[in-house]
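Here is the structure we will look at, set down as structure tokens.
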Amino acid sequence: MGSTPKSVVDLIEASSGAHFSGFHLDGLDPRNSELEQPTTSAAEHLHKQPFVIGVAGGAASGKTTVCDMIIEQLHDQRVVLVNQDSFYHNLTLEELTRVHEYNFDHPDAFDTEQLLWAMEKLKHGQAVDIPKYDFKSYKNIFPARRVNPSDVIILEGILIFHDPRVRDLMSMKIFVDTDADVRLARRIRRDTVEKCRDINMVLDQYSNFVKPAFDDFILPTKKYADIIIPRGGDNHVAIDLIVQHICTKLGQHDLCKIYPNLYVIQSTFQIRGMHTLIRDAETTKHDFVFYADRLIRLVVEHGLGHLPFTEKQVITPTGSVYTGVDFCKRLCGVSIIRSGESMENALRACCKGIKIGKILIHREGDNGQQLIYEKLPKDISDRHVLLLDPILGTGNSAVQAISLLIKKGVPESNIIFLNLISAPRGVHVVCKRFPRIKIVTSEIETGLNKDFRVIPGMGEFGDRYFGTDDDDDQQAVVVPPQ
């Protein structure tokens, strides 16, 4: 258990790429870079979906116990449990005559299409009737169980990770990993005591169907799990951490549940108060700049926390050894002129002597996006890049800037996009097009108005920050010489 602290951080902050006594968190998969422009309503529709937890594992591994413990600890949330066992196929008359030869642990035993239909209805906020499967008649019985949409849906079953379509519905995948001897002992006790079955029949079924199916179909799906829990319900530490993680996710903006590469800094009354000041149309330029700078500094600090680091030991003035970390040194900033230049001072204050490049993109409404000027470090492809722009609106300028950086050889995963406020449409566009970059922002907005301005927003950020007149048609942007 020595790796617990590091993996807790990985679980709570990143949800990707580590192990904790069986905690395994996968990274992002590449996604199609081609993207149609979404509407604001489409983006808003996305963040109404519930948090779906899949719990898989062998028969008698303790899945139900794990689900019950999670539900009990999530008492403040609306939670519903859906069992894969409810979706067994009804047996035909011929199959009923040879029921002891029927393999209930095979993927074909389940009506996966009906399961997908029910889950899609729940994910879109619609109530659904879940079948009740009777293991005496081996058929669905009525009335069905009415299940209402909830904040959290737990889908439990031995083979819920087998079909990729079902896996894709899940926000978190948990595999309950229990020793085979323990699972067999539990199965014997359950089937002989609760179901009054003969022990020889139980052992025959285990040898002929249960164990081969586990080896062939269930165990291979363990690789898809985000979290692996050894010992099932006996692992209270693991379940406590899972519940903490779920509560953290539920407390985040809904877009963070959809895009794991989106980070919104935790809101406090101080942060909320500063947002109130910079959004107020009556705030003076001096106060606007002062509080915008404070917020920008918080965003920059948070963004730097997502850079890679290496372990480093130093000797303290007391002669003691302190084990810490060494910052990533190969980085640079790139500001999108001109609003992005308001973030440069905060970056320089945090990173002494950092190189900062410039990108100028012409914007006209929602469609105009033309690269006018770029001046970037020659070795930018070898650096981690902090892309600076205080407002993420439609996402068009961001896509243009990120595409240029990638064209210059910067790996997508080496780009961190920092901004103060983000519209859902811009988040959708950037995260779908570039799933490996990270976006760090201080607040998610309501959306865009008909003029493609962020609302509630804070007006033209560059004009308010630099004190230029929004209506002055004579104002020009001076492009530095190449």
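The values are calculated or read from the model by the stated rules, or taken from the named source; none is laboratory data. These numbers come from a predicted model, not from an experiment. Heads up, the Cβs are rebuilt from the backbone with ideal geometry, glycines too, and the neighbour counts pull from every protein chain shown.
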Of residues in the range 50-73 being touching a strand residue (DSSP E or B) at 6+ places or on another chain (Cβ under 6 Å) and more than 13 Å from residue 229 (Cβ to Cβ), the one surrounded by the fewest Cβ atoms within 10 Å (Cβ to Cβ): 71
Extreme residue, nearest to residue 412 (Cα to Cα), among residues of the range 311-320 that are exposed (fewer than 10 other Cβ atoms within 10 Å of the Cβ) and not aliphatic (A, V, I, L, M): 311
Residue 69 farther than 17 Å from residue 170 by Cβ and modelled with pLDDT of 90 or more: yes
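So that you can scan it fast, the table gives a plain yes or no per residue for (1) among the aliphatic types (A, V, I, L, M); (2) without any contact (Cβ under 8 Å) to a residue 12 or more places away in the chain; (3) part of a loop (DSSP other than H, G, I, E, B):
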position: 197; (1), (2), (3): no, yes, yes
position: 221; (1), (2), (3): no, no, no
position: 278; (1), (2), (3): yes, no, no
position: 288; (1), (2), (3): no, no, no
position: 296; (1), (2), (3): yes, no, no
Residues that are part of a loop (DSSP other than H, G, I, E, B), among the charged types (D, E, K, R) and modelled with pLDDT of 85 or more, drawn from the range 452-482: 453, 460
Residues satisfying the stated conditions in the range 74-100, i.e. free of Cβ contacts under 8 Å to residues at least 60 places away in the same chain and either on the phi > 0 side of the Ramachandran plot or loosely packed, with under 15 Cβ neighbours inside 10 Å (or both): 75, 76, 90, 92, 93, 94, 95, 96, 97, 98, 99
Residue within the range 409-432 that is surrounded by 19 or more Cβ atoms within 10 Å (Cβ to Cβ), among the aromatic types (Phe, Trp, Tyr) and either part of a strand (DSSP E or B) or modelled with pLDDT under 95 (or both) present: yes
Lone qualifier among 163, 191, 198, 168 - being surrounded by 18 or more Cβ atoms within 10 Å (Cβ to Cβ) and of a type in the set (D, E, K, R): 191
Count - residues of the range 202-220 that are over 15 Å from residue 178 (Cα atoms), in contact with a helix residue (DSSP H, G or I) (Cβ under 9 Å, 6 or more places away or on another chain) and of a type in the set (D, E, K, R): 1
Residue 151 at pLDDT below 95, more than 25 Å from residue 98 (Cα to Cα) and in contact with a Pro (Cβ under 9 Å, 6 or more places away or on another chain): yes
Hey, residue 308 in contact (Cβ under 8 Å) with a residue 40 or more places away in the chain and surrounded by fewer than 19 Cβ atoms within 10 Å (Cβ to Cβ) or not: yes
Among (1) without any contact (Cβ under 8 Å) to a residue 24 or more places away in the chain; (2) closer than 30 Å to residue 207 by Cβ - the single one residue 111 does not satisfy: (1)
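Table: residues versus (1) buried (at least 18 other Cβ atoms within 10 Å of the Cβ); (2) farther than 22 Å from residue 329 by Cβ.
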| site | (1), (2) |
| --- | --- |
| 378 | no, no |
| 383 | yes, no |
| 391 | yes, yes |
| 398 | yes, yes |
Selection from the range 329-365 of residues that are surrounded by fewer than 16 Cβ atoms within 10 Å (Cβ to Cβ) and at pLDDT below 90: 329, 330, 352, 353, 362, 364, 365
Scope the range 379-399; condition of a type outside the set (Val, Ile, Thr) and not in a strand (DSSP E or B); matching residues: 379, 381, 382, 383, 389, 390, 393, 395, 396, 397, 398
Residue under evaluation residue 342, criteria (1) hydroxyl-bearing (Ser, Thr, Tyr); (2) in a helix (DSSP H, G or I); (3) in contact with a His (Cβ under 9 Å, 6 or more places away or on another chain), criterion not met: (3)
Selection count where residues are under 14 Å from the mean Cα position of the chain (by Cα), surrounded by 15 or more Cβ atoms within 10 Å (Cβ to Cβ) and part of a helix (DSSP H, G or I), scope the range 248-276: 8
Qualifying residue in the range 341-362 (condition: in contact (Cβ under 8 Å) with a residue 60 or more places away in the chain, small (Gly, Ala, Ser) and out of contact with any Ser or Thr (no Cβ under 9 Å at 6 or more places or on another chain)): no
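Yes or no, residue by residue, for (1) closer than 22 Å to residue 107 by Cβ; (2) not charged (D, E, K, R):
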position	(1), (2)
182	no, yes
190	no, no
198	no, no
203	no, yes
208	yes, yes
211	yes, no
214	yes, yes
221	yes, yes
224	yes, yes
Flag for residue 404 being part of a helix (DSSP H, G or I) and assigned by TED's automatic domain parsing to the domain that holds residue 272: yes
Counted residues, the range 298-314 - those being at pLDDT 95 or above and in a strand (DSSP E or B): 0
Exclusive hit being assigned to a strand (DSSP E or B), free of Cβ contacts under 8 Å to residues at least 24 places away in the same chain and not aromatic (Phe, Trp, Tyr), set 141, 130: 141
Hits in the range 159-181 - residues which are without any contact (Cβ under 8 Å) to a residue 40 or more places away in the chain and assigned to a helix (DSSP H, G or I): 164, 181
